[in-house]
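Q: Dropping the structure in here first, questions after.
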Amino acid sequence: MPKSRLGRGLSQLISSNALSQSRAVIEVTPDRLQPNPFQPRRSYDATTLNELAESIREQGILQPLLVRPAGDNYQIILGERRWRAAQEANLETIPCIVQEVDDHQTLEMALIENLHRDDLNAVEKARAYQQLIDDFGFTHEELAKHIGKSRSAITNTLRLLQLPEEVLASLVEGNISEGHGRALLSLEDNPDLLREVWQTVESKQLSVRATEELVREVLRRDKAQVGRRRSPSATSLASDPHLMALGEHLQETLATEVKIRPKKSGGGVILIQYSDSEELQRIVEYIAPGDYL
């Protein structure tokens, strides 16, 4: 599929020819509206939803929903939160603007609109970034440019998806924060240990700083235990704070997953991951610019 010009902005997408063909606001009953399957948001805060419903009872819906035809009904492109609140407010009809768009345009519009909001949680953002990469073929660098974020911010957010599902669920539910998640990622090579530390963090409601200290202590303890059992291995050496810092620096610089695998001999291996041929080319050009093909 040709790469979409992601980042055009909602104003350009919404003012396309399709919308100009039908700018009229129509009234649609809530039961004829269907949620957007491409919606990155997976959770809705009950308190804020109740507040919006109360506002709708008093003033109605001030901004129409953007929808597209779906048989005899309509599928929501933008405005699912307003639709949910309108149902809670028992509105008989909801104002909508109909736009003819395909699945990829719907996905693009829904993701961009939500990523420009501040109330998506970190996991929803990470999954939205990954969906944009998977469906539109963007590299981290290109996505950062179009979304208006730094490349390292995109990469660091995507790294959260390497956490175990139960830890991601805890983050979504607000039991831990994005900062806690980043700290726990230092233990990603030992999922069982990561889960153990996460449970401690959650049960004791540790701060992010306390979590970082706990992770460092766990890594030191693990390294010491390995040292008592046998001579330093690649696993224990990899826990060296200096090597970890170098790995993080490489990862931010190259905007992709980087792991340093030391050997007892003193050498080691640097693993640089890439998601597609374009990202490989970008990395090679960064490390060794010039004509090489």
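Q: Out of 186, 170, which single residue is surrounded by 17 or more Cβ atoms within 10 Å (Cβ to Cβ), within 17 Å of residue 259 (Cα to Cα) and more than 14 Å from the chain's Cα centre (by Cα)? Even if it seems obvious, please write down each step before you answer.
A: Working: 170 fails: within 17 Å of residue 259 (Cα to Cα).
Answer to the check: 186.
Q: Okay, next question. Being modelled with pLDDT under 90, not acidic (Asp, Glu) and not assigned by TED's automatic domain parsing to the domain that holds residue 175: is that true of residue 63 here?
A: Working: modelled with pLDDT under 90: yes; not acidic (Asp, Glu): yes; not assigned by TED's automatic domain parsing to the domain that holds residue 175: yes.
When the stated conditions are applied, residue 63 passes them.
Q: Now for a separate question. Output the residues belonging to segment 81-95 that are touching a strand residue (DSSP E or B) at 6+ places or on another chain (Cβ under 8 Å) and either outside any loop (DSSP other than H, G, I, E, B) or not assigned by TED's automatic domain parsing to the domain that holds residue 120 (or both).
A: Passing the criteria: 82, 83, 86, 94, 95.
Q: Something else: Given the structure, is residue 142 out of contact with any Ser or Thr (no Cβ under 7 Å at 6 or more places or on another chain) and exposed (fewer than 15 other Cβ atoms within 10 Å of the Cβ)?
A: No; evaluated as a whole, the condition is false for this residue.
Q: Looking only at segment 111-137, count how many residues are at pLDDT 80 or above and among the aromatic types (Phe, Trp, Tyr).
A: 1
The values are calculated or read from the model by the stated rules, or taken from the named source; none is laboratory data. Not measured: the values here are computed from a predicted model. In this analysis, Cβ positions are derived from the backbone assuming ideal geometry, glycine residues included, and neighbour counts consider all displayed protein chains.
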